[in-house]
Amino acid sequence: MCFSESQSQKTLIWNTITCYILYVYYDKSDTHKILALFFKFVGFMQLFDLIFWRNQNMMDPNESLINYTVTKIAMLANHLQPIVLALLIYAFTGSLGKLSQIILLVYTIVIIYYSIFIWNKITYTLEEKIEENDTRSSLRWEWNLQKNNFRVYSLFIITLSIIAYENFDYPIDIILLCTNLITFLLSAYYFKARFIGRFWCKIAAFIPILFIFIKPNSR
């Protein structure tokens, strides 16, 4: 996760560069184009974080309004990630696995309900300490901390995992699956589920560099 404005800025720049290289280097590979565009979309969360870091004064009407508005947008962008991945796969390949279609439908229904339910409950994205005696701080994503959050974001990870495993060739399918599961386990146990979404977005900002060196095999 990013513990400062400068870290968010560096992560955003790194994500942009690696996604561009991934897209251009494999200009004839639909798989790498999908990955580049998807991880660039995920990388936008670092842009939102950068905006949050720069608008922390809730006594200032302008900063308060920007923080409030971008918080809503960031929540929607975060929740759209599995849907965007599925749409990209379908746009480039013309198909989507049967199991992926089922889990995507379930996820879409659940995330729409969850987003509507918490819409008026989330307000601002503010800085908070990681732990009481920890000098580090992070940004509190309120939408990750509402009622039934663990179930909803578990479904988020499961949906991403199934879509990735069913629709990509080896070894990319395995790498994406392991990335999702490791992210979930670390967030759930090490961070006590407080930073599931933020930890995933941090990892996803750097993972494109790995795929630059990996070419999938046909099944």
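Tabulated values for the structure
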{"read-out": "Residues of the range 41-65 classified as more than 30 Å from Ile89 (Cβ to Cβ) and of a type in the set (Phe, Trp, Tyr), total", "value": "2"}
{"read-out": "Residue satisfying all of: in the range 26-59; farther than 23 Å from Lys121 by Cβ and among the acidic types (Asp, Glu); surrounded by the most Cβ atoms within 10 Å (Cβ to Cβ) among these", "value": "Asp30"}
{"read-out": "Answer residue from the range 116-128, given it is modelled with pLDDT of 90 or more and in contact with a strand residue (DSSP E or B) (Cβ under 9 Å, 6 or more places away or on another chain) and is surrounded by the fewest Cβ atoms within 10 Å (Cβ to Cβ) among those", "value": "Leu126"}
{"read-out": "Failed item, numbered, when Asn217 is tested on (1) at pLDDT below 90; (2) under 30 Å from Arg54 (Cα atoms)", "value": "(2)"}
{"read-out": "Enumeration of residues in the range 129-149 that are modelled with pLDDT under 85, of a type in the set (D, E, K, R) and in contact with a strand residue (DSSP E or B) (Cβ under 6 Å, 6 or more places away or on another chain)", "value": "Lys129"}
{"read-out": "Residue that is modelled with the highest pLDDT, among those in the range 162-186 that are surrounded by fewer than 18 Cβ atoms within 10 Å (Cβ to Cβ) and more than 18 Å from the chain's Cα centre (by Cα)", "value": "Glu166"}
{"read-out": "Lone qualifier among Ile73, Ile83 - being surrounded by fewer than 18 Cβ atoms within 10 Å (Cβ to Cβ), within 15 Å of the chain's Cα centre (by Cα) and within 19 Å of Asn167 (Cα to Cα)", "value": "Ile83"}
{"read-out": "Residue in the range 4-27 that is under 15 Å from Arg140 (Cα atoms), more than 15 Å from the chain's Cα centre (by Cα) and either in a helix (DSSP H, G or I) or hydroxyl-bearing (Ser, Thr, Tyr) (or both) present", "value": "yes"}
{"read-out": "Scan of the range 10-39 for residues that are closer than 13 Å to Phe206 by Cα and in contact (Cβ under 8 Å) with a residue 40 or more places away in the chain, ordered by number", "value": "Thr11, Leu12, Trp14, Asn15, Thr18, Cys19, Ile21, Leu22, Leu35, Ala36, Phe38, Phe39"}
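The values are calculated or read from the model by the stated rules, or taken from the named source; none is laboratory data. Keep in mind the model is a prediction, meaning the values are calculated, not measured. Glycine gets a Cβ as well: all are built from the backbone with ideal geometry, and neighbour counts include every protein chain shown.
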